Amino acid sequence: MLASDIHMIKQWMLELERKNGKVISYRLVNRSPDRACRFYVVVPGDYGEPIIVQEPTYGLECPKVLYYMNKVGEVVTPAQKIVGVVCKDEPGKDGPRMSLTTAKEKGFKIELNEDGSIHVAGEELHINTLLNPDKNRMRGYVAFCSKVKKPAVLVRELGDLDLF
């Protein structure tokens, strides 16, 4: 017999699905007043491990018109959505940096244009890099954007970066 429990932890809702008294699935979600999922949802992976799905409601599809390359220079097709932006208005000058939920709640408009550029809070920018912090545990890319259009968008996972 299936049953569900819902527990509130401040603005977070923990949903537990039980079968014969044992938890068989879970979901942690932050819902807006209109029931949209904000920020991220935590769901079980293949082995029960937590998978963080960033911006399940507001995530943007990666533009199909852009050319994407992985760390070894191979052409790739991004498999996840854009979930946040980090922008540089000009060299040395930071621009907006936010999740898509935060942008929506603060009234910043973020949308993709047909040419693959991205409109962020009144600026037309170009996606230079897509970064996933942890491909094994998180779903979604942060788009690093600037006014400079590069020939290819770099697609990286945190483990690809040489920080030493």
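Some points to look at:
- Conditions (1) touching a His at 6+ places or on another chain (Cβ under 8 Å); (2) modelled with pLDDT under 90; number of the one not met by residue 13: (2)
- Meeting the requirement of 1 or more residues that are of a type in the set (Ser, Thr, Tyr), the strands (runs of 3 or more DSSP E) wholly within region 1-73 are 2-9, 22-31, 37-44.
- Pick from region 56-81, criterion aliphatic (A, V, I, L, M) and out of contact with any Lys or Arg (no Cβ under 8 Å at 6 or more places or on another chain), ranking: surrounded by the fewest Cβ atoms within 10 Å (Cβ to Cβ): 72
- The requirement of being touching a strand residue (DSSP E or B) at 6+ places or on another chain (Cβ under 7 Å) and outside the structural domain of residue 7 (by TED's automatic domain parsing) is satisfied by residue 103.
- Members of region 119-154 that are in contact with a Cys (Cβ under 9 Å, 6 or more places away or on another chain) and either acidic (Asp, Glu) or closer than 18 Å to residue 77 by Cβ (or both): 123, 127, 128, 129, 130, 141, 143, 153
- Subset of region 132-141 that is buried (at least 18 other Cβ atoms within 10 Å of the Cβ) and closer than 16 Å to residue 71 by Cα - its residue that is modelled with the lowest pLDDT: 132
- Members of region 142-157 found to be surrounded by 17 or more Cβ atoms within 10 Å (Cβ to Cβ) and closer than 16 Å to residue 94 by Cβ, listed by number: 142, 143, 144, 145, 146
The values are calculated or read from the model by the stated rules, or taken from the named source; none is laboratory data. Keep in mind that what you see is a predicted model, and the values were worked out from it rather than measured. Every residue, glycine among them, receives a Cβ derived from its backbone with ideal geometry; neighbour counts consider all protein chains shown.
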